[in-house]
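Comments concern the structure below.
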Amino acid sequence: MLLSDLVSDPDLGLVVLNGAEQMDRPIRGVYITDLLDPRRYLSGGELVLTGLVWRNDPSDSEQFVAALVDAGVAGLAAGTARLGQTPPDLVEACRRHGLPAFEVPLTVSFNVLAERIQRRSGPRRELVSAVAAGADLDHVLRMAADELGSDCWVLSAAGWVVGGTADLSESTRRAALRELVTGHLPRTVRAAETCVLWPVESDTEPPVARWFVLARGALSDWDEEHEAIATDLGTVVALVRARVDEARRIAGRSVEAALRRLLDGTSTPAEVAARLETAGLPADEPLRAVALSIGDPTESTTLLREIAAATGMASVTAPLGDGAAALFVDDEAHLADLDAQLRRIVADAEVGLGERSLAVGVSDVSPATALRGALEEAGYARRLAQRRRGRAEVVAAGELATHEVLLASTPDELRRSYRQRLLAELIAYDAAHNSDLVRTLRTFLDCSGSWSRCAKQLHVHVNTLRYRIQRIEEITGRDLAEFPSRVDFYLALELDREPS
């Protein structure tokens, strides 16, 4: 399909912004993006569709267009839902770089535009037609495998095999997961079998929840026909993903408000149970609540939906507070294994976290009538996971019998005040005198008040240690021979480990 075919389609109503003389460029695929620099997901020849979410100021347009031209795309189509019109600085950047550009009217969705292109892309138009007719992912993959002449799969960055035409070896799955974060795609993965890892043409999901196409073969052995099929498959899988995500969002919306009202006391468990039935979860079965945070509520919800799908259990996920919550319904035997499943899944997903951390809390198995308690329990467990400061932590309710729970459930302002009252004078003294009283106190408590062990660990004489402890007592007005004082200081020092 050529760019001119799109411009001449009256149903689309595209407005040419730049490059009227370049309409003979062929389109080899479609890529929907809101990244400022999407080069790693582009292989050349795509029509890039963007809602301009990446644009914060005019200088962004130059960076975005330069990245597209460097990747060798066919053209740019800009949606105007966010800004109302295509910014002049974007049009000017396209003119400087010689990139054909269109404006997409509000009445035309990106999905409609992508489907129109795919239907005109030759023998693989059957893939889009199948999706439009409601075909599921496995059916689409079987069709693509017939054209590729090899097995293929869809792999989630969260670690699970979403669908495929054959069993995928564990070594190949793990090798592919490692490749997701180590370089530009597409690329060859070599493990038990050699496969090509290909991007799914969408980046609206957080990196840790995206899908990818995996097909047998080596990229160096593929011809243009194979690459075109893989590109089309990536785009079609993105359409399937959009349909799946929309169904997940609808289910989540049906229970989100009910969960909020349940937690603030304005809704009853019976009302929430009715919502669960609407979302397809039997309210007479036991359940477990899971709370997750990755730092952003929207990304947390998307990732938790992906993780929930990987368990294979019936579930519904919704944003809640500063993260997301999911309810899992199954028999007690399967639910009892949920935290172990989540640990395995999170271990796989960890490679895609980048510098961020993931915290997951899991409640005990509960009846639907005790849902509020389960949600609160999962929330406390998640906060405990956040305190542990690992990159990916899963805490089950059985781990809540510890002083860490009290610290995790205490309001931030109260924690800061408590730490300040007990340690501020010691911290100030250390800063003014270049002393080491805070570390001495921490080591003394870690050694359970043993003078000899503490002195040995600090590499000082016992008399020196006694002098330091006496100085700490003078500054704070606390007697470290008293057990309550030791407990108070221990908790304050635990809080002092937290980032400010």
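Considering the range 149-161, the residues that are touching a Leu at 6+ places or on another chain (Cβ under 8 Å) and buried (at least 22 other Cβ atoms within 10 Å of the Cβ) include one that is farthest from ARG178 (Cα to Cα), namely CYS152. Pairing each residue of the range 458-475 that is within 17 Å of PHE489 (Cα to Cα) with any residue that is assigned to a helix (DSSP H, G or I) and of a type in the set (D, E, K, R), provided the two are 6+ apart or on different chains, yields C-beta distances under 9 Å for ILE475/GLU425. Only residues that are polar (S, T, N, Q) and outside any loop (DSSP other than H, G, I, E, B): list them for the range 40-53, please. Result: THR50, single match. Could you tell me whether ALA492 is modelled with pLDDT of 80 or more, assigned by TED's automatic domain parsing to the domain that holds ARG382 and of a type outside the set (Phe, Trp, Tyr)? No: the conditions fail for ALA492. Pairs are defined by a Cβ separation below 6 Å, a sequence spacing of at least 6 or placement on different chains, a first member in the range 361-376 that is in the same structural domain as ALA336 (by TED's automatic domain parsing), and a second member that is part of a strand (DSSP E or B) and of a type in the set (S, T, N, Q); the pairs so defined are ALA374/SER366.
Filtered by the rule that a residue be under 22 Å from ASN111 (Cα atoms) and over 27 Å from the mean Cα position of the chain (by Cα), the range 46-75 gives VAL73, ALA74, GLY75. When the range 309-348 is examined, which residues are found to be part of a loop (DSSP other than H, G, I, E, B) and of a type in the set (Gly, Ala, Ser)? Within the range 309-348, GLY312, GLY321 meet the criteria.
Screening the candidates ASP221, ASP245 for the property of being under 25 Å from ARG356 (Cβ atoms), of a type outside the set (Lys, Arg) and surrounded by fewer than 19 Cβ atoms within 10 Å (Cβ to Cβ) yields one hit, ASP245.
The values are calculated or read from the model by the stated rules, or taken from the named source; none is laboratory data. Quick caveat: nothing in here was measured; it's all calculated off a predicted structure. Note: ideal-geometry Cβ built from the backbone for every residue, glycine included; neighbour counts use all protein chains shown.
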